[in-house]
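Student: The structure is given below, and queries will be raised subsequently.
Rule-based calculations on the coordinates, nothing more; no lab input. Everything numeric here is computed off the predicted structure, so don't read it as measured data. For neighbour counting, all protein chains shown are included, and Cβ atoms are generated from backbone atoms with ideal geometry for every residue, glycine included.
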Amino acid sequence: MPVLKEEDYELPEDQTSVWITVNAISVRVFRTDEGVGVDLYPVGRESEDAIASTYALNDEGEEDEQMCDHDWKHDSYTDNGRVEWQLCKHCPKSRRLG
Ligand SMILES: [Zn+2]
C-alpha cells in the first residue's frame, strides 16, 4: 500500500473515491453528483455497515451566489503584475479590472 505524506491531497475528477487506513480504521472518502461523503469502517470489515458516516453537499462549501450582489473591495491585487483583480467581500468571486 502506498504511504501518504503529511501534505494536502486532491481527489482527481475522474476518481470517485479513495481509501485511507488510519490505525485500525479504514476511511473511505467519496464524491457523488451532489456532494462528498466519508465512511469509517474497522479494518478488514469494509464490506459491512460503516461505523460512522458524514456527508456534505457541494453547495454547502460556498455561499449562495443568488444572495450576493457583489460588494467589491476597494483594494485590488495583481496577477503576476499583469491583470488587476478585485475580490468580493462576501463570496469567493473576483472580477477583472481594466
Ligand atoms: Zn459576492
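Student: Explain nothing, just the number: relative contact order of the chain, from Cα pairs under 8 Å at least 6 residues apart, as a whole percent.
Tutor: This gives 14 percent for the chain.
Student: If the cut-off is 19 Å between C-alpha atoms, which lysines fall inside it for Lys5, apart from same-chain ones fewer than 8 positions away?
Tutor: The reachable lysines, counting only those whose Cα sits under 19 Å from Lys5, number zero.
Student: For Ser76, Ser47, what ranking results if the residue with the fewest other Cβ atoms within 10 Å of its Cβ goes first?
Tutor: Ser47, Ser76
Student: How much space per residue, in cubic angstrom, does the convex hull of the C-alpha atoms of the chain take up?
Tutor: Each residue corresponds to 186 Å³ of Cα convex hull volume.
Student: With r defined as the distance between the Cβ atoms of Asp69 and Ala24 and R0 fixed at 41 Å, what FRET efficiency is calculated, to the nearest 0.05?
Tutor: That gives a FRET efficiency of 0.25.
Student: Now, a different point. May I ask you to work out the translational diffusion coefficient for segment 17-61 at 10 °C, viscosity 1.306 mPa s, via Stokes-Einstein with Rh from the Kirkwood sum over Cα pairs, reported in whole µm²/s?
Tutor: 145
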